[in-house]
Amino acid sequence: MEIRSFAFLMLLMWGLVQANGQDRTLTGTLLDDQADALASGTVVLLNPVDSTMEFFGISNARGQFEIRNIKEGSYLLQASFMGFQTFYNPITLPRAKGPDVGDIVMWPLPVDLQGAEVVGEAVPLQISGDTVVYNAAAFKTRPDAMTEDLLKKLPGVEVDRAGNIKAMGEDVSTVYVDGKEFFGSDPKVATRNIPADAINKVKVYDKKSDESEFTGIDDGTRNKTVNLELKEDRKKGIFGDVLAGYGSGQHYKASGKVYRFTDKFQMAGLGMINNVNEYGFSFSDYLDFNGGIAAMKGGGGSAKISMGGDNAFPINFGQPVDGLATSGAGGLNVSYSTDKHNRTYISYLINGTDKDLEQETGTERYTGEGSFLTGDLTEQNTGALSNLINFGLRRRIDSTHNLIFNGDVGVIYNDLARYQETGNWTGEELVSSQFSERGEESDRISTKLRATYYRMLGKNKSVLKFSADGNYSKGLDQIRIRNQTDYVADNEQDLYNQYQDNRTDRLSYSLLAAYTQKIGKGLYLDPVVRLGQSLEQLDRVQGSLENGMVPVDSVSPDFNKDYRWIRPGFNFRWNTLKSQLSVGIIGEFGSLENSLNGEAYPEASLNYFIPTISWDYSASSGRKFNIYYSSMVNTPTVNQLLPVVNMLNPLNIYYGNPSLRPEYNHSVMIHWLIFDQFSFTSFMMSLSGGYTSDKINWSTTVTDDLVQISTLTNVDWDYNSRLSFDFSTPIRKLGIKINLNAEESWNRGQNVVNEVNNIYNTLGQRYSLSADNRKKKRWDVESGLGATLTHTWYDIQESLNMHYFDLSWFADIRYTPSEKWHFEITADVTSYSDLGSDGVLRVPLLRAKISHFFLAHNRGVLTLSGFDLLDQNQNVQRISELNYLRETRSNTIGRYVMLTFKYRLSKLAREGGIEVDINKRR
């Protein structure tokens, strides 16, 4: 708690210093050469030494600007507006003539310079509609900073602790490098690996869909996108870095990055290895390390029932990494373009891990008669190796033909060895127990391909579109398991030594043809037809490990699913300057055929109406309102349909249901965004809801020995909703920015327990409040509080309703006093409410880092870092679903100290800020 008090005291003292030191104001008016007001112009006070931005303001609709809380001193006043010559004038505050500088007249650029970049101009940011362009040189970062560190300094851009980016109040979904893809679609791969000093400009804009960009017909699609424009000298050589470190407890890490960029060619190579639980380059790669979602399945006595590779139960994300892992990863990204419309790219990622995991899990399950407790003790080793290739082609044949092709290929290998003890209790009485020894090897190959072709038949009038996509995967999962199960009441012991080999094949494809015809001003009609097929096969071979491993026919099924469908319909679109309305009238007509061991089930004909509605409205820059409605049909999978009993875990028996009907889902989402570019205040609210008929859910029978026999059934309905809002605003007087986030999620569903229909309601609430300093030239301080509340109500046993909450606090303090030193301390405290006899559990995590920069251009970095300095780190996960509440505690990495050396590879020109010759300015 002393750490918490210290951090808040630091933030408070820093704010008081800002409040007392920044008490000057500067006002004025931006006009063009005709004395008309210039709105959204940028007025900046630059540091006259290195031209970095100190303070700024944005002109309003009347051209007026105001810059508040300015420290006394000398500055370079800069005014800029797109298409006009930049205005410079030295200024000292306080001004003898008062805070108003009067009218600043901007002069148009000469016609031959319109759209060209003036060399030497240090314009920190320029705003044009919903597009903001930042000059990276105006925002100082430490010598070894990554692009993520640069983004944190940009006004209007926020980066959370997980690396997720918000810009102008909206989530950033894509980051390009010089307008090109970089290692697929995960923005963090670029922002956490490209050095900040390689960036010339950062462009934040609303990217339209590929179809809209080519045809000129707006479909309302907008994705907040960041484009990183590299410095010209970084396109003339090779740059990157290498890092190596070793620490206490034989902990180590090493990594290397190398980049080669030109106007037409991009190449990036990344590599890393460590045993400090750092997985790959981003969270999405973490899934690949573990073989995807399928490898996260549970077993033993838990409610996560293994179903041949599919995980049928919910999975929580966002928790700390569990276990002790040694990881390695490498990647290569290559892109070549002849112009902005024609490019080819390919990337390859290889990820590998070896992880030792120890877990203690407690699960309370509810039945109509009461509840019982399941406890698991697990020791597990997993190994994984995954290879991923992503590739694509963009080809603008001419002004009327456009082709887009992309795809990916994955090859994944996994192995697992697990020892698990399970016990089922009612009160203090042990009813049944099990010791399980499990070995598993699996491999999977998958590929996804998609191609889209556009043909313009008339400028902004008629468009012909064809697309095709296909997915194929093939896998083999080999399981060897030995179970010893004891039933206390009957004084019986069963030995169950089995093998199970699951071969899976999945193939799906679809073809689409659409025609867009302009029928009036802003009115378009799109007849569309799409057809496809989905094929799934599960071929299982199972038997005893003894007697030569002879298969047992009754538990060795060959199950096939074949779903063929066609979706005809049309879309009506109405586009205006500020809004886009789309209404889709679509039907789905399908045929579902299943077979078991060559014997076909009766064919099922499916007919559904799946309309869509979307409306996007932009009242003005930074004011957006969207509403979407969609419907869809989900057919059951092979694993859900297979009616053969799976008894790999005798305490948790599962079989599918071939009579399952498809789920029919309806969902609505409302999104409202307000972003004030003058104050950089943002407010975002999102409201969504869903209704599913024929929801596929669990039907469980619990025997007297507390054996769970589970299958699947269709329930009449399932409801869910979610409300969230984000609010961010600067408090200039204190020199800080606050962020407030709240989220409410609700689910009302049904499952069956012991033939009793159980209606459950789950309400999840998450609130967070954080504050950080706005100017991060030397100090970067952030602290925040979070609370998570979960409420669960059960219809079958109201006395078992559960309410619990978790509280968290964090503080990040970074200090860069000079170009030679950097200090960092990070603290987290998580408090878990009482779920058992241990009382409230508090888990503190303290980390610290000291870096020294040396050698020419500070290319060498020596860092001493400490992790979990209090040696109190723990991994606790909670989940409340269906008719159970589970808490899992896992081992995780503890205290260590490490010394690392990093060297930046570069043979480029002098690094530094931007030189400005005042005498040459107007």
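Remark: the LEU740-PHE570 segment gains 57.0 nm on full extension, using 0.36 nm per residue and subtracting the alpha carbon distance. In plain terms, the residue of SER335, SER128 with the fewest other Cβ atoms within 10 Å comes first and the most crowded comes last, giving SER128, SER335. Seen against the Cα atoms of the chain and their longest principal axis, helix 2-21 is set at about 20 degrees.
Note on ASP562 and SER591: their simple-model spin labels are 0.9 nm apart, each label 7 Å out from Cα toward Cβ.
The modelled label-to-label distance between LYS578 and LEU511, using points 7 Å beyond Cα along the C-beta direction, is 4.5 nm. Taking 7 Å steps out from each Cα toward its Cβ at ALA35 and ILE613 produces label points 5.2 nm apart. For region 342-425, the list of GluC sites (Glu not before Pro) that fall in a loop by DSSP and count at most 15 other C-beta atoms within 10 angstrom reads GLU369. The candidate values were (1) -0.73, -0.83, -1.06; (2) -0.49, -0.67, -1.13; (3) -0.60, -0.75, -1.01; the one computed from these coordinates for log10 I(q)/I(0) by the Debye sum over Cα atoms at q = 0.06, 0.07, 0.09 Å⁻¹ carries the label (2). In this model, which of LYS459/LYS521; LYS152/LYS737; LYS71/LYS777; LYS224/LYS257; LYS188/LYS253 are farther than 18 Å apart at the alpha-carbon? Correct reply: LYS224/LYS257; LYS188/LYS253. Of the residues LEU511, LEU457, the one with the fewest other Cβ atoms within 10 Å heads the list, and the complete ranking is LEU457, LEU511.
Phi angles of region 83-97 translate, via the Karplus equation with coefficients 6.51, -1.76, 1.60 and θ = phi - 60°, into HN-Hα couplings of x, 10, 5, 6, 9, 10, 7, x, 8, 10, 10, x, 8, 5, 8 Hz per residue; Gly and Pro are given as x. Taking a point 7 Å out from the Cα of TYR767 in the direction of its Cβ, the residues of region 794-835 whose backbone N falls within less than 13 Å of it are 806-808.
Rounded to the nearest whole Hz, the Karplus-based 3J(HN,Hα) values (6.51 cos²θ - 1.76 cosθ + 1.60, θ = phi - 60°) of region 591-604 follow the sequence 10, 10, 10, 10, 9, 10, 6, x, 9, 7, 7, x, 5, 10, with x at glycine and proline. Taking 0.36 nm per residue of separation and subtracting the Cα-Cα distance, full extension of the segment from LEU464 to ASN547 would add 23.6 nm.
Between their Cα atoms, which of LYS153/LYS340; LYS340/LYS902; LYS578/LYS776; LYS340/LYS624; LYS203/LYS474; LYS465/LYS624 are more than 32 Å away from each other? Beyond 32 Å: LYS340/LYS902; LYS578/LYS776; LYS203/LYS474. For the pair ARG842 and THR447 in one chain, pulling the backbone fully straight at 0.36 nm per residue adds 137.7 nm over the alpha carbon distance. Phi-derived couplings, Karplus 6.51 cos²θ - 1.76 cosθ + 1.60 at θ = phi - 60°, listed residue by residue for region 642-657: 4, x, 9, 5, 10, 10, 4, 10, x, 8, 9, 9, 9, 8, x, 9 Hz, with x used for Gly and Pro.
Since every read-out is calculated from the coordinates, none of them should be taken as a lab result. From a predicted model like this one, the values you see are computed outputs, not experimental measurements. Cβ atoms come from the backbone with ideal geometry, glycine included; neighbour counts cover every protein chain shown.
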